[in-house]
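Here's the structure we're looking at; comments come further down.
What follows is calculated from the coordinates using simple rules that are stated; it is not laboratory data. This is a predicted model, so every value here is computed, not measured. Neighbour counts are summed over all protein chains in view; Cβ atoms, including those assigned to glycine, are modelled from backbone coordinates with ideal geometry.
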Amino acid sequence: VQLQAFGGGLVQAGGSLGLSCTASRSIFSIYDMGWYRQAPGKQRELVATITTAGATNFGDSVKGRFTISRDYAKNTVYLQMNSLKPEDTAVYYCNANYRARYEYWGQGTLVTVSS
């Protein structure tokens, strides 16, 4: 298993939840990391990415509410989700990407936000 995601679960609207994803050191040290999500009946969409240099990018729907970070000592990328909305309900996938040529996906973790 190259990527393993943790976290997810059920949270009320307005609440917070954190996800983490651990990668092998050989991947984490050179790959950009990110999170994507897929809601039922919808296409997978960008949540957030972070480069090896720490530059971040967020999907428009989560800007200002979610943060992404990475810890090289733990080979782990984190997604902190605040002010959650029911429309954030989805399966969240961890992603590792190297120059758009090589890519790995985690197994997905379900986040459910109740209204």
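Here are some notes:
- Verdict on Leu110 being touching a residue at least 60 places away in the same chain (Cβ under 8 Å), surrounded by fewer than 15 Cβ atoms within 10 Å (Cβ to Cβ) and aliphatic (A, V, I, L, M): yes
- Sole exception among (1) without any contact (Cβ under 8 Å) to a residue 24 or more places away in the chain; (2) within 14 Å of the chain's Cα centre (by Cα) for Asn97, by number: (1)
- Residues in the stretch 71-107 that are of a type in the set (Phe, Trp, Tyr), over 28 Å from Gln12 (Cα atoms) and surrounded by 17 or more Cβ atoms within 10 Å (Cβ to Cβ): Tyr104 only.
- Just so you know, in the stretch 52-99 the residues that are of a type in the set (A, V, I, L, M), assigned to a loop (DSSP other than H, G, I, E, B) and touching a Ser or Thr at 6+ places or on another chain (Cβ under 9 Å) include one that is farthest from Gly41 (Cα to Cα), and it is Ala55.
- Scanning the stretch 34-66 for residues that are in contact with a Lys or Arg (Cβ under 6 Å, 6 or more places away or on another chain) and buried (at least 19 other Cβ atoms within 10 Å of the Cβ) turns up Tyr36, Val47, Ile50.
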